[in-house]
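Worksheet for the structure shown next.
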Number of protein chains: 2
Amino acid sequence: MIVDINKNILIVGLGLMGGSYAKGLKRYGFHISAITKDQSSIDYAIKEEIIDEGTISIDKEMIRKADIIIFALYPHILIEWIKENQKYFKTGALITDVTGVKTSIIYDIQNILRDDVEYIAAHPMAGREVYGVENSTTKIFNNANYIVTPTKKNTKDAIVSCMEIGQLLGFENVSILTPEEHDDMVGFVSQLTHCIAISLMTCNESEHIEKYTGDSFRDLTRIARINDEMWSELFLLNKNSLIKNIDIFLNELQNFRNMLYNNDVDGMREKMKKSTIRRALFDKKD
Amino acid sequence: MIVDINKNILIVGLGLMGGSYAKGLKRYGFHISAITKDQSSIDYAIKEEIIDEGTISIDKEMIRKADIIIFALYPHILIEWIKENQKYFKTGALITDVTGVKTSIIYDIQNILRDDVEYIAAHPMAGREVYGVENSTTKIFNNANYIVTPTKKNTKDAIVSCMEIGQLLGFENVSILTPEEHDDMVGFVSQLTHCIAISLMTCNESEHIEKYTGDSFRDLTRIARINDEMWSELFLLNKNSLIKNIDIFLNELQNFRNMLYNNDVDGMREKMKKSTIRRALFDKKD
C-alpha cells in the first residue's frame with residue numbers, strides 16, 4: 001500500500017464531503033488535520049473525534065507537515081487557495097480534491113502548481129441533500145462511484161495513491177477517466193438530472209400537489225433540494241457538456257411526446273421496453 | 001362504519017394491486033374471493049392465505065354473492081368485463097377500481113351500468129416496478145395517496161364506503177377529486193414523470209454509464225423500468241392532459257437551458273431556490 005497510515009492528512013474545507021472523508025480515513029489511524037472557515041465546524045469535529053486538530057486560519061505548520069492534502073472547496077475558492085498558499089506545501093505532497101467538474105480546473109491548477117508537488121484530481125460521486133460536517137457520514141461512499149481523472153502530468157504512484165484513498169473510503173467502484181470523459185459523463189449522469197429535477201419542481205405552480213403525489217414524483221425531485229451557490233458554479237464550469245446533454249434529452253422527450261400525439265403505441269412501447277432493459281444495468285449490487 | 005366485515009369482497013384481477021388489496025382487507029376478516037386469468041396466481045394466493053377462494057373462470061355464483069367488487073384490470077379489459085358480466089352482479093353491489101385514469105373510463109362505465117349497482121372510482125397512487133400477486137404487499141399503501149373520484153351519479157354512501165376502503169388499506173391520505181381534476185393531476189405527477197424517466201434512459205446510448213452513476217441518476221430512472229402494455233394505454237387514455245404537462249415541462253427546461261447559455265447565474269439560482277422551497281413540501285411525514 002502506497003498510502004501508509006503514518007502520513008499526515010490535511011483536509012481543507014470541512015463540510016459534508018470533507019467531514020465524511022475525515023471520518024472515513026480516521027478509521028485507519030491517519031492523523032487528520034483540517035482548515036475550514038467556520039470555527040463551529042472545527043469545534044464539532046474535534047468533539048466528535050472526526051479530526052485530530054483544526055483551525056480557521058491559514059496555519060503554515062499544519063500545511064507544511066501534510067503529506068496528503070484533500071481539498072473539499074467550491075471550485076473558484078480552490079484555485080485561489082492553492083495560488084496563495086502553495087508556498088507552504090511540503091515537497092512531495094500529494095494534492096487531491098472532490099470537485100464535481102474537471103477540465104475547467106485541473107489544467108489551471110497544474111499550470112500554476114510547484115514542480116515538487118503533485119495534484120491528482122478525483123470526484124467522489126456521492127453526496128446528500130443536506131450540508132455541513134454535522135451531516136457527514138461514511139455511508140455516502142457505500143454503493144457509490146469514485147472517479148480519478150489523471151492528466152499527462154500525473155505519475156503512476158499518484159494515480160494509485162488516489163485510487164487507494166477511494167478504496168479506503170469504501171467506494172463500490174474506483175475508476176479512471178480523462179478529465180474530458182469525466183465532464184461529459186457528469187454532464188449527463190449528474191448535472192442533467194439536477195436540471196430536470198429543478199424544472200419539474202418549478203414548472204407547475206399548483207398548490208397542494210403534494211397531497212396527491214406518489215413515489216415517482218418524490219424520486220424524480222429528491223435532488224430538487226439543491227445548493228444553488230455550488231451547483232450554479234458547477235453548471236457554468238461545464239456549460240458546453242451540460243447544454244449538449246440537455247439538448248439530447250429535450251429532443252428525446254419531444255420525440256416521445258410526438259409519438260403520443262400521433263397515437264404511436266408501438267413506438268412508445270418500444271421505448272419503454274428499451275428503457276426497462278437499460279435500467280436493469282443500474283440496479284445496485286447489494 | 002359502512003363497510004362491515006360480513007360483506008363479501010370479490011377482486012377481479014389478482015396481480016400486484018389486486019393481491020395487495022386482498023392482503024390489506026383480509027386483515028380485518030373480510031371474505032375475499034378472486035377471479036383472475038392465471039391459475040398460478042389463484043394457487044399462490046390460496047396457499048399464502050391471501051384469498052379464501054378463487055377461479056380463472058367467470059364464476060356466476062362468486063360474482064352474485066359479492067357485496068363489493070374491486071377491479072384491478074387494464075382499462076380496456078375493465079369496460080368489456082363489466083359489459084359482459086354485470087348481469088351477475090348482486091343488487092346493491094358496490095363496484096370500485098384501481099385504474100390510473102378516470103375521465104376516459106368512468107362515464108362510459110356508468111352509462112352502461114345497471115341502475116341497481118353503483119360504480120365509485122378510485123385510484124390508489126401506489127405501486128412497485130415489479131408485478132404479480134407474488135410481489136403484492138400492503139407496504140405500498142403506507143405513506144401513499146388514495147384518490148376517490150365521484151361523479152354526479154355517485155351517492156354519499158358509496159363515496160364514504162370507498163374512502164373507508166382506502167383508510168382500511170392504510171393509505172396516508174384519502175382525498176376526493178373530480179375525474180377531470182384527477183386526470184390533470186396524474187398527468188403531471190405520475191405520467192409526465194414516467195415519460196421523463198423513460199426518455200432519460202433512452203436518450204444516451206453510451207455503454208458503461210452505470211459504472212459512473214450516482215444516486216441522482218438512479219432516483220430519476222427507477223420508474224424507467226416500466227410495464228409497457230399498461231402504461232402506453234394509460235398515456236393514450238389521458239393524452240391531452242399528458243401532452244399539456246410534457247409541453248409545460250419542456251418549456252421550463254428549455255428556459256433553464258437558455259439561462260445557462262446566457263450565463264444567467266442569478267436566474268438559475270432563483271430557480272434552484274424556488275425548487276428547494278417547493279420540494280420541502282413533499283417530504284414524507286414520518
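So the values come out like this:
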quantity: Amide proton proximity set for A:I176, modelled H, under 5 Å, gap of 5+; calculated: A:V148
quantity: Projected-area average for region A:59-187 over all orientations - Cα convex hull basis, square nanometres; calculated: 8.0 nm²
quantity: Sorted largest first, extent of region B:212-286 alpha carbons per principal axis (Å); calculated: 43, 34, 31
quantity: Note, ³J(HN,Hα) from phi for region A:154-160, Karplus 6.51, -1.76, 1.60, rounded to Hz, x at Gly and Pro; calculated: 8, 8, 4, 4, 5, 4, 5
quantity: Measure of compaction for region B:63-110 (Cα Rg per 2.2 N^0.38 Å); calculated: 1.10
quantity: For B:M125, distant residues with modelled amide H under 5 Å away; calculated: B:N145, B:Y146, B:I147
quantity: 10 Å Cβ neighbours from other chains, averaged over peptide B:168-176; calculated: 1
quantity: Packing-based ranking, highest mean first, of B:54-62, A:14-22 given that Cβ atoms within 10 Å are counted; calculated: A:14-22, B:54-62
quantity: Cα pair distances in chain B, grouped into 5 Å bins until the bin that holds the longest one, percent each; calculated: 1, 5, 11, 15, 17, 16, 12, 8, 6, 4, 3, 2, 1, 0, 0
quantity: Shortest-first distances to equivalent copies, position A:D43, nm, label 7 Å out along Cβ; calculated: 6.8
quantity: Surface share of carbon and sulfur [accessible, 1.4 angstrom probe, percent] for chain B; calculated: 48 percent
quantity: Sequence-separation-based contact order of region A:1-158, relative, with Cα cut under 8 Å and 6+ spacing, percent; calculated: 25 percent
quantity: log₁₀ of I(q)/I(0) at q = 0.16, 0.23, 0.29 Å⁻¹ - region B:27-92, Debye sum with one point per alpha carbon; calculated: -0.57, -1.12, -1.41
quantity: Size of the B/A contact, given as accessible area buried on both chains, probe 1.4 Å, in Å²; calculated: 8400 Å²
quantity: Mean separation of Cα contacts under 8 Å, 6 or more apart, over the residue count of region A:169-286: relative contact order %; calculated: 30 percent
quantity: Cα long-axis angle, helix B:193-202 against chain B (0 to 90 degrees, to the nearest 10); calculated: 60 degrees
quantity: Alpha carbon convex hull of the protein assembly as shown, volume per residue in cubic angstrom; calculated: 161 Å³
quantity: 1.4 Å probe, heavy atoms, protein only - residues of region B:102-127 losing at least 20 Å² accessible area vs chain alone; calculated: B:M125
quantity: Ordering of B:38-48, B:87-97 by packing [mean C-beta count within 10 Å, highest first]; calculated: B:87-97, B:38-48
quantity: For region B:230-252 and region A:4-30, distance of Cα centres in Å; calculated: 48 Å
quantity: Spin-label model distance (nm) - A:E172 vs A:T155, 7 Å beyond Cα toward Cβ; calculated: 3.4 nm
quantity: Convex hull volume per residue for region A:155-286, taking Cα atoms only, in Å³; calculated: 179 Å³
quantity: The protein assembly as shown - accessible surface per residue (Å², probe 1.4 Å); calculated: 41 Å²
quantity: Residue mean of other protein chain beta carbons inside 10 Å, A:245-255; calculated: 6
quantity: Within region B:69-161, percent of DSSP bridges classed antiparallel, to nearest 5; calculated: 45 percent
quantity: For B:262-274, mean number of other protein chain Cβ atoms within 10 Å; calculated: 5
quantity: Inverse of mean 1/r across different Cα pairs in region A:1-110, Kirkwood, Å; calculated: 14.0 Å
quantity: Summed side-chain charge close to A:I9 - residues other than A:I9 whose Cβ falls under 13 Å, Lys, Arg +1, Asp, Glu -1; calculated: +1
quantity: Approximate spin-label separation A:I277-B:D116, in nm, with each point projected 7 Å along Cα-to-Cβ; calculated: 5.4 nm
quantity: Label-to-label distance, nm, for residues given as A:I209 and A:N6 (7 Å Cα→Cβ offset); calculated: 5.9 nm
quantity: For region A:116-122, Karplus couplings with θ = phi - 60° (6.51, -1.76, 1.60), whole Hz, Gly/Pro x; calculated: 9, 10, 10, 10, 10, 7, 8
quantity: Sequence-distant residues sharing a close amide H with A:D97 (under 5 Å, placed H); calculated: A:F71, A:A122
quantity: Ascending list, in nanometres, of distances separating the B:V160 label from those of the other copies (7 Å, Cα toward Cβ); calculated: 7.8
quantity: DSSP beta bridge pairing in the protein assembly as shown, given as percent antiparallel to the nearest 5; calculated: 15 percent
quantity: Drop in accessible area of at least 30 Å² in the complex versus isolated chain, residues of region B:220-244, 1.4 Å probe; calculated: B:L220, B:R222, B:R225, B:I226, B:D228, B:S232, B:F235, B:L236, B:K239, B:I243
quantity: 7 Å along Cα→Cβ, label-point gaps from B:K211 to other copies, nm, shortest first; calculated: 5.0
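The values are calculated or read from the model by the stated rules, or taken from the named source; none is laboratory data. In this text, all values refer to a predicted model and were calculated from it rather than measured experimentally. For neighbour counting, all protein chains shown are included, and Cβ atoms are generated from backbone atoms with ideal geometry for every residue, glycine included. Side chains are part of the model used for accessible areas, which takes the heavy atoms of the whole protein and leaves out ligands, DNA and RNA. Shrake-Rupley method; radii C 1.70, N 1.55, O 1.52, S 1.80 Å.
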